[in-house]
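Nothing in this text is a laboratory measurement; each read-out follows from the coordinates by a stated rule. Keep in mind that what you see is a predicted model, and the values were worked out from it rather than measured.
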Amino acid sequence: MKRTRGKGLRGVTGALGAGGLLVLLWAGMVWASEGGASKWPDFWYRVLNFVLMAGILVFVARKPIREFFAKRTQTIATTLTELEAKKKEAEKTYQGYKQRLAELDKETARILDEYRAQGEAEKAKIIAAAEKSAAEIRAQADRAIQQEIAGATLALKREVAELSVGAAEKVLKERIGKEDHQRLVKDFTTKVVEAK
């Protein structure tokens, strides 16, 4: 990117030559439009003045201009390098975020699957607990029914016994007379005395 001194001077010389030719052509047109009076001495004085001024300007301003363009080139190169580094860093950050987003999608799917599995497990526990509770309720109901049946059977037996005793008493009262009654009381008291 660095220019050699010869190339820079050739470019300046070429530019000055082209500028001088342009001035000559322009001057010829101006001279032709004024009626043809000779103004060549004035023209050459102006051309010489222009060339000297341009030469001095190039000689004096060459170093600052060259430094300006060198600094500008360096600044642009540095800026491009920094921008390239920032672009790479941004691309790296983008890839990181892209990867994290993909991992986040996977993590979300994993968490949803985990919650579904927990939900299914909880559902199975609730169903099992409900079935166990239902079985316990059935067993309690069966025991209660058995107890009720046993109680009803016992009450029925008592009632039958009471009715039987009442019917037997009635039959005995009708069939046993006073003599039989006294004989029974005597036998009972004898047995009680003997048992003592």
**Report entry** Phi-based couplings in Hz for region 110-123 (Karplus 6.51, -1.76, 1.60; Gly and Pro marked x)
**Finding:** 5, 5, 4, 4, 5, 5, 4, 4, 5, x, 5, 5, 5, 4
Requested in this report: Rounded to the nearest 500, what is the 222 nm mean residue ellipticity of the chain from helices alone, with -39500 (n - 2.57) per DSSP H run of 4+ residues and division by all residues?
Outcome: -35500 deg cm²/dmol
